Amino acid sequence: MENPAPFAHPIHELLARRWSARAIDPAKPVARETLLTLLEAARWAPSSSNEQPWRFLVFDESVPAARDQARSILTGNNALWAVKAPVLVLTVAKDTWTRNGQPNRHAAHDVGAATGSLLLQVAAHGLVGHPMAGYGIDEAKTLFGIPDGFTSMAMVAIGHPGPVADLPEPLLSRETQPRVRKPIAEIAFAGAWEKPLAPSSP
């Protein structure tokens, strides 16, 4: 299912196509070469001082027991649909700078940038990619041996598109409703907080 963004200003077609769908075909695995390409896209994201604080825990058919564990810690509505995803990826941030061990306040930002790159590559392959905050953070740390000094950020479900009609309510209604975003006037300011950005250059 396509649900392109109703953009107010022209953006790249890939950006318009990317969205966090939920309808995933559980019978179609994601090829390892494709998965490596997604991670390659993430690897080349920008990061402060080239620290590259991102780490990715990958759960797929190659280690089914670990994937079952990752599925088991999904919470809320995510437990209804994301368990069908053939691939789950847990994004993790290294909390400190390698050079001096001090806190890296940019780490979460940089992991977000890497995840964004991964999700755009997902869209380029015609796949579904949906990041989720709804998972057991403490359980993930224990189950997957995440060491101190690293913080999990999000679980990303990845797979091939599936029949939207297979989603239960209320997910079916959410999947088919129009996509919305705040207008630029609410998120971008001209030189000072909440100072309106002119619609055209002087």
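With neighbour counts taken as other beta-carbon atoms within 10 Å, the residues 19, 193 rank, fewest first, as 193, 19. Helix content alone sets the calculated 222 nm mean residue ellipticity of the chain: runs of n ≥ 4 DSSP H residues at -39500 (n - 2.57) each, divided across all residues, give -9000 deg cm²/dmol. Lys-Lys pairs in the chain that are eight or more residues apart or on separate chains and whose Cα atoms lie under 30 Å of each other come to 6. Taking amide H as placed 1.01 Å from N in the peptide plane, the amide H of residue 96 sits under 5 Å from that of 104, each at least 5 places away or on another chain. In order along segment 158-173, the phi-based Karplus estimate (6.51 cos²θ - 1.76 cosθ + 1.60, θ = phi - 60°) of 3J(HN,Hα) comes to 10, x, 7, x, x, x, 4, 5, 6, 6, x, 6, x, 5, 4, 5 Hz; Gly and Pro are listed as x. In whole percents, the pair-distance distribution calculated for the chain from its alpha-carbon pairs, binned every 5 Å from zero, is 1, 7, 14, 16, 18, 17, 13, 8, 5, 2, 1, 0, 0.
Using the number of other C-beta atoms within 10 angstrom as an exposure proxy, rank 155, 132 with the fewest first. Don't skip to the answer; put the middle values down first.
Values: 155 28, 132 21.
Result, fewest neighbours first: 132, 155.
Couplings for segment 114-124, taken from phi via the Karplus curve 6.51 cos²θ - 1.76 cosθ + 1.60 with θ = phi - 60°, read 5, 5, x, 4, 4, 5, 5, 5, 4, 5, 4 Hz in order; Gly and Pro are left as x. Residues 99, 71, arranged from fewest to most other Cβ atoms within 10 angstrom of their Cβ, appear as 99, 71. The H on the amide N of residue 154, modeled in the peptide plane, is under 5 Å from the matching H of 91, each at least 5 residues off or on a different chain. Taking each residue as 0.36 nm, the span from residue 62 to residue 148 lengthens on full extension beyond its C-alpha to C-alpha distance by 28.3 nm.
Sequentially through segment 22-33, phi angles give Karplus couplings (6.51, -1.76, 1.60; θ = phi - 60°) of 10, 7, 10, 7, x, 8, 10, x, 9, 4, 4, 5 Hz, Gly and Pro residues having no value and appearing as x.
For residue 24, nonlocal amide neighbours, meaning residues 5 or more places apart or on other chains whose placed amide H falls under 5 Å from its own, are 162.
Largest mean-square fluctuation among 149, 129, 191, in a Gaussian network model of the chain whose springs join Cα atoms under 10 Å apart, belongs to 191.
Every read-out reported here was derived from the displayed coordinates using simple, explicitly stated rules and does not represent laboratory data. Keep in mind that this is a model prediction, so the values were computed, not measured. Note: ideal-geometry Cβ built from the backbone for every residue, glycine included; neighbour counts use all protein chains shown.
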